[in-house]
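Everything on this sheet refers to the single structure shown next.
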Amino acid sequence: MGTATGIIRALNSGIKHLAIKRFTLRYPEEKLKFVGDGYQYDPSTGVGIAGLKGRHMLFHDKCTGCQLCAIACEGVAEAIAMVKVPEEHKHNKKAIMPQIDYGKCVFCGLCVDACPFYALYMTNDYELCSFSKEGLIYTPAQLQVKPYVAQDVDIIITDRGASHG
Amino acid sequence: MTTELPRDIKLASSEKQIDQSSSNWLPPGLALQKVDEKIMTLNVGPQHPGSGHMRLIIQIDGDYIVACDPDPGYVHRGEEKMAEYRNYITNIPHLERPVIHDSCNILYPYVLGVEELLGIEVPERAKYLRVIGAEINRCIYIMYWLAIYGIFLGHSTMFMWPTGDRELLIDLMEKMTGARVTHSHFVPGGVRNDLPANFEDVCLRQVNYFEKRIKEYAAVFYDNPILISRTKDTGVLSRQDAIRLGTTGSVLRASGVDFDVRKKEPYDVYDEFDFESIVMKEGDSYARSKVPWLDMMESCRIIKQALEKIPKSGSVRVKLKPNPKGKGFDTVYKRVESGRGSLGCYIVSDAKPEPYRLKLSVPSFRNLIALPYLLKGEKLGNMPAVYWSLNYWPVEADR
């Protein structure tokens, strides 16, 4: 193949893409769709359930304050600290629950794997930015709230290429 | 076969014994060398966006490179030492940090080794899931590498296209593992979670499209006369030199040596798939840049076969005790084919929850050794084309 034909072919394959729909995502307005909920773990079978590893969710009625999540995080990021909570539960005599510092968390999900009481899950909330370091620390009360995440955009693959829409 | 090195070059820093205690001492490269006045020393990096986090001390005579002294180590993180203070499970998130784009493949040898130490038998379905994860990750890594190779050569379309198409595979991994880049998906005993519902259809559709898409790169990049003129016959590594310098992966296969760990020492279920290891004879930068691209097509074939052959149900993870321990003093070495070449992990256990010693044998460092020999006599403008074709990842080399 000659040099001229090669360059024309290369330009041609680029020009073809002018007619193809945009592949990129308009992020704050459009958000990508995920499968199901966040990452969860079933301690009875020892296998996780697929989902996005986003911000955690803590079930206060199940947490016993056993600190296994904090111990699991010790070797990874040291993001989990056990703090006192005002409420009293029969199964949580010490009244301590995990508080997660998202400035340190690496979202590996090993704390979820460590919880034997179905108390700690992950959700599909990934927008956690804050203007201060303190804003990244989520107290047990904040972790109790289930986030609402808008998910509307899916990848569409057609004969003319892939697009988000 | 002679025993001496392929090209007899003397590196500037090794010529002179430098006394570091004297007050006049300067780091190598900055120190004034007693060399010919025609020779100029040029530091590429460590802040240079092209070199990655490493420095190349290049001596040039006019436009021609006389000697090159790679200076890695700027992103040394002590991964191996860190591993001695963490148990076998908490080692997983930090061990994948050296190559976050290839995080499944860097965990693979570690996980295989720990399984042998603990004597775990992995469920069949988990082995297939690992192969799917590892092959998708290989494509993700190669696409990223290809994007950088494009921008190294001033081809900005080749930067945009792989970066965009890579998103398809990252979305697949996100559905499968829950994380876009650092998945922490492989664990001793299988994988963390089963596939989500409807994953097979989505994966097949996206991999089919991806395969069609990467074929389009031929016209814009690989058959492009401008690329060919820049990379053909630059940095030629002969077959014998490639073996003698200990290179691996795409660099070795581009020089005509058929060595692919997936073929030669099949791990998990790689012996059940029909794929070829890509070999090219030229050994120049063009061949080294083309082998990973052809590798991706083989990866797509493996993913499709794995989706067909995977057992439809079954466990994916063996339940381990909370703090798994080795059985006694034991050593194990496992290696896999990563996106860059054979990646080995050597673990010494002494019946404690933590490994006594963990050593990563990384392909990036092994390929870097070839750089001084390839660059000698090249033009300075060809340096990026040769350097990045070695499939080098600075963070992995420093560990």
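Rule-based calculations on the coordinates, nothing more; no lab input. Just so we're clear, the structure is a prediction, and the values are computed from it rather than from any experiment. Every residue, glycine among them, receives a Cβ derived from its backbone with ideal geometry; neighbour counts consider all protein chains shown.
Where in the range B:304-337 does the amide nitrogen come within less than 17 Å of the point 7 Å from the Cα of residue B:208, taken along Cα to Cβ?
Flagged as within label range: B:304-309.
For peptide B:211-221, what's the mean number of Cβ atoms from other chains within 10 Å of each residue's Cβ?
On the way: counts 0, 3, 3, 0, 0, 4, 1, 3, 9, 8, 2.
Going residue by residue through B:211-221 and averaging, the value is 3.
Could the peptides B:309-320, A:22-33, B:356-367 be put in order, highest first, of the mean number of other beta-carbon atoms found within 10 Å of their residues? Display every interim value, and only then the final one.
Details: B:309-320: 15.1, A:22-33: 12.9, B:356-367: 21.3.
By packing density, highest mean first, the sequence is B:356-367, B:309-320, A:22-33.
Students often get this wrong: which residues of the range A:135-165 have the backbone nitrogen under 18 Å from the point 7 angstrom along Cα-to-C-beta of residue A:22?
Residues passing the 18 Å test: A:152-157, A:161-165.
Give the lysines reachable from residue A:21 as a straight Cα distance under 22 Å; neighbours fewer than 8 places away on the same chain don't count.
Here the lysines satisfying the reach criterion relative to residue A:21 are A:31, A:33, B:212, B:215.
Between rounded, prolate and oblate, where does chain B land on the alpha carbon gyration tensor, with a ≥ b ≥ c its root eigenvalues, rounded for a/c under 1.5, else prolate if a/b exceeds b/c? Please list the in-between numbers first.
Details: a/c = 2.11, a/b = 1.38, b/c = 1.53.
It comes out oblate by the Cα gyration axes.
Let me know the shape class of the protein assembly as shown, please: from the alpha-carbon gyration tensor, a ≥ b ≥ c as square roots of the eigenvalues, rounded when a/c is under 1.5, otherwise prolate if a/b is greater than b/c, or oblate. Mind dumping the intermediate values first?
Values: a/c = 1.77, a/b = 1.43, b/c = 1.24.
Prolate shape, in that a/c is at least 1.5 and a/b is the bigger ratio.
Near residue B:352, which aspartates and glutamates are there with a Cα under 16 Å away, not counting those fewer than 8 places off in the same chain?
Cross-link targets: B:84, B:115, B:116, B:330.
Which value at 222 nm does chain A reach when only helices count, each DSSP H run of 4 or more adding -39,500 (n - 2.57), with the total divided by all residues and rounded to the nearest 500 deg cm²/dmol?
On the way: 4 runs with 29 residues, N = 165.
Result for chain A: -4500 deg cm²/dmol, rounded to the nearest 500.
The range A:82-143: which GluC sites (Glu not before Pro) are DSSP loop and have at most 14 other beta-carbon atoms within 10 angstrom? Before the final figure, lay out each step's value.
Values: sites: A:87, A:88, A:127, A:134; in loops: A:87, A:88, A:127.
Here the sparse-neighbourhood loop sites are A:87, A:88, A:127.
If I fit a long axis through the Cα atoms of helix A:3-15 and take the longest principal axis of the Cα atoms of chain A, what angle between them do I get, 0 to 90°, rounded to 10?
Approximately 50 degrees, to the nearest 10.
What average number of partner chain Cβ atoms lie no more than 10 Å from the Cβ of the residues making up A:66-73?
The shielding value for this peptide is 1.
From other protein chains only, count the Cβ atoms within 10 Å of every residue's Cβ in A:106-112, then give the mean. Walk me through the numbers before you get to the answer.
Working: counts 6, 6, 12, 9, 7, 0, 1.
Taking all residues of A:106-112 together, the mean is 6.
Tell me, how many Å apart are the Cα centres for the range B:325-349 and for the range B:288-314?
The distance from the Cα centre of the range B:325-349 to that of the range B:288-314 comes to 24 Å.
Straight-line reach only, C-alpha to C-alpha below 18 angstrom: list the lysines that residue A:62 could link to, leaving out same-chain residues fewer than 8 apart.
Candidates past the 8-residue exclusion: A:84, A:90, A:93, A:94, A:146.
May I ask for the distance between the Cα centers of the range B:42-118 and the range A:52-121, given as a whole number of Å?
Distance between centres, Cα-based: 33 Å.
Label-point separation (nm) for residue B:325 and residue A:158, each offset 7 Å from Cα along Cα-to-Cβ?
For residue B:325 paired with residue A:158, the spin-label model returns 6.3 nm.
Looking only at the range B:189-211, which residues have a backbone nitrogen under 15 Å from a spot 7 Å from the Cα of residue B:269 in the C-beta direction?
B:190-191, B:194-195, B:200
Given Cα pairs under 8 Å that are at least 6 residues apart, what percent is the relative contact order of chain A?
Values: 272 pairs, mean separation 47.9, N = 165.
It rounds to 29 percent for chain A.
Mean Kyte-Doolittle hydropathy of 0.5 or higher plus an axial Cα length of 27 Å or more: which whole DSSP H helices in chain B meet both?
Within chain B the helices that satisfy the rule are B:124-152.
7 Å from Cα along Cα→Cβ at both residue B:43 and residue B:201: what's the point-to-point distance in nm?
5.8 nm
How large is the helix-only mean residue ellipticity at 222 nm for chain B, computed as the sum of -39500 (n - 2.57) over DSSP H runs with n ≥ 4, divided by its residue count, in deg cm²/dmol to the nearest 500?
Values: 16 runs with 168 residues, N = 399.
Computed ellipticity for chain B at 222 nm equals -12500 deg cm²/dmol.
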